[in-house]
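A short write-up of the structure that comes next.
The values are calculated or read from the model by the stated rules, or taken from the named source; none is laboratory data. On a predicted model such as this, the values are computed, not experimentally measured, just so you know. Neighbour counts run over all protein chains shown; Cβ positions are idealised from the backbone, glycine included. Please note that ligands, DNA and RNA were not included when accessible areas were found on the heavy atoms of the full protein model with its side chains. Shrake-Rupley method; radii C 1.70, N 1.55, O 1.52, S 1.80 Å.
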Amino acid sequence: MLKKQYPYYLANEAVQANTDLEVTDKFTGKVATKVALADAKVIDKAIAAAVKAAEPMAELKAYQRQAVLAHCANRFQERADELADALCIEAGKPIKDSKGEVSRLIDTFRIAAEESVRIYGEVMPMDISARAADYRGYWKRVPVGPCSFISPFNFPLNLAAHKVAPALAVGCPFILKPASLTPLGALIIGEVLAETDLPKGAFSILPCRRDGADLFTTDERLKLLSFTGSPEVGWDLKAKAGKKKVVLELGGNAACIVDEDADVDDAVARIIVGAFYQSGQSCIGVQRILVHESLYDGFKRKLVAATKKLKAGDPKDPSTFIGPMISEKEAERLHGWILEAKRKGAKVLCGGKREGAMLEATLMEGADRKMDVCCKEAFGPVAVLSPFKSFDKALKEVNDSVFGLQAGIFTRDLYKAQKAWDKLEVGGVVIGDVPSWRVDHMPYGGVKDSGLGREGIRWAIEDMTEVRLMVVRTPPKG
């Protein structure tokens, strides 16, 4: 059961300043709870508190940082059902998928706990020439300082965790703006963090309106901005961020190649998940499906049949696979793309209908690459099929996109797998599976319009630290 109201967290403390943000049940559309909204004055206070916390956070020993992260992982495990239920309601995510995200939240904090005691440096030989014969170098990583995090609605637990957990691992204070549509998961994370003895100001979790959140981006006291969301917003924030380091995890229209030697039944089973998991609202959801012409007809028949079997409805029902999109507005947008593609000659193989925020799992074929359903990020339950003759040309078609996050290749040919890894302009290539696959310790991120930098705890730790060098000279007399 959700609480009737939730506070924001300012400098580690719960503050029930108001109940101005209504959080709806995304399936029923009814108000499920109310959340406190922060204004610019509160955000300014949070940044000031983070600045004051920078030194005591940096002075925490590795075992102390590890203990905080381990506490969080244990408490999330104890509260797993509560977290899953809240996620199911606020995001409309089917309960089975909600439980899966909670397990990933726990994984992410456990990985961060492990990495918190493995932030290494090096001894660096300096004697590369006679003038440096009596010098030695050493470098280590130190926290960058106060960080600003903006997390999205589609994975409101785990994508917040991918910012919060590495910050705690290295000793960076932070302020976090969760998505206004799905703030509850982040606030429960705050509730657990408030149980620890982190220095005051170590964290603030502040739901706020987008038009009031400029300080998250522009304030020069913040040393890093990490944003996950749409490309349009992300690149605009980067332009406004000033001198701070910026990490962007943005959108995609991920492609999947099914080559002539693939196991069709296996590929169908995986692509069903990749395309329609949590109603396709994933930046690495399968949107473009390229199938070798020798397999195309049989693959299409099996994929359409499997898609038609997916159960849509109440996400609280354990048998539901397709829940609502995040809002009726988003469902209307994507439904419009489907209708436009159909008017221009594309064929709807199954699905294509909408009722409120519920959009049917939809497969299309014959869509031109320039149509919105192909070239833009659908971020919903729509995928487009097309046949190919040449593997090399299929790779070029995958690259014919402004995005470059991940790609999936179903092939048994080692040389083709290596060629895909060499040629595809993406952050990750997944062989034998869909691009939607991710484990939370791997480097994850994209190129082109899909973003800058990498998530995954080790890589986030690199972004949230900077190298500090020490050089020692040995005088002639020792």
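Here Ala160 passes the criteria (1) crowded, with 24+ Cβ neighbours inside 10 Å; (2) of a type in the set (Gly, Ala, Ser); (3) under 27 Å from Met442 (Cα atoms); (4) out of contact with any Gly (no Cβ under 7 Å at 6 or more places or on another chain) except the one numbered (4). The residues on offer are Lys300, Lys329, Lys316, Lys308, and the sole one that is in contact with a strand residue (DSSP E or B) (Cβ under 8 Å, 6 or more places away or on another chain), open to solvent by 10 Å² or more (accessible area, probe 1.4 Å) and either modelled with pLDDT under 95 or farther than 25 Å from Ser390 by Cβ (or both) is Lys308. Screening Arg209 on (1) farther than 25 Å from Met442 by Cα; (2) open to solvent by 30 Å² or more (accessible area, probe 1.4 Å); (3) touching a strand residue (DSSP E or B) at 6+ places or on another chain (Cβ under 7 Å); (4) not hydroxyl-bearing (Ser, Thr, Tyr) shows it passes everything except condition (3).
Tally the residues that are open to solvent by 30 Å² or more (accessible area, probe 1.4 Å), acidic (Asp, Glu) and not in a loop (DSSP other than H, G, I, E, B), restricting the search to region 99-128. Number of matching residues: 3. Across region 416-461, the number of residues qualifying as part of a loop (DSSP other than H, G, I, E, B), open to solvent by 10 Å² or more (accessible area, probe 1.4 Å) and closer than 19 Å to Phe379 by Cβ comes to 6.
Every residue in region 32-88 that is closer than 22 Å to Ser148 by Cα, open to solvent by 30 Å² or more (accessible area, probe 1.4 Å) and not in a helix (DSSP H, G or I), please. Asp39, Leu60 - these are the residues of region 32-88 that are closer than 22 Å to Ser148 by Cα, open to solvent by 30 Å² or more (accessible area, probe 1.4 Å) and not in a helix (DSSP H, G or I). For region 237-263, enumerate the residues that are closer than 28 Å to Gly171 by Cα and either without any contact (Cβ under 8 Å) to a residue 24 or more places away in the chain or open to solvent by less than 70 Å² (accessible area, probe 1.4 Å) (or both). Leu237, Ala239, Ala241, Gly242, Lys243, Lys244, Val246, Val247, Leu248, Glu249, Leu250 - these are the residues of region 237-263 that are closer than 28 Å to Gly171 by Cα and either without any contact (Cβ under 8 Å) to a residue 24 or more places away in the chain or open to solvent by less than 70 Å² (accessible area, probe 1.4 Å) (or both). Restricting attention to region 89-98 and to residues that are open to solvent by less than 50 Å² (accessible area, probe 1.4 Å) and outside any loop (DSSP other than H, G, I, E, B), the residue that is nearest to Ile326 (Cα to Cα) turns out to be Ala91. Taking the listed residues Gln77, Gln66, Gln5, the one that is more than 20 Å from the chain's Cα centre (by Cα) and more than 25 Å from Ala165 (Cα to Cα) is Gln5, with no other qualifying.
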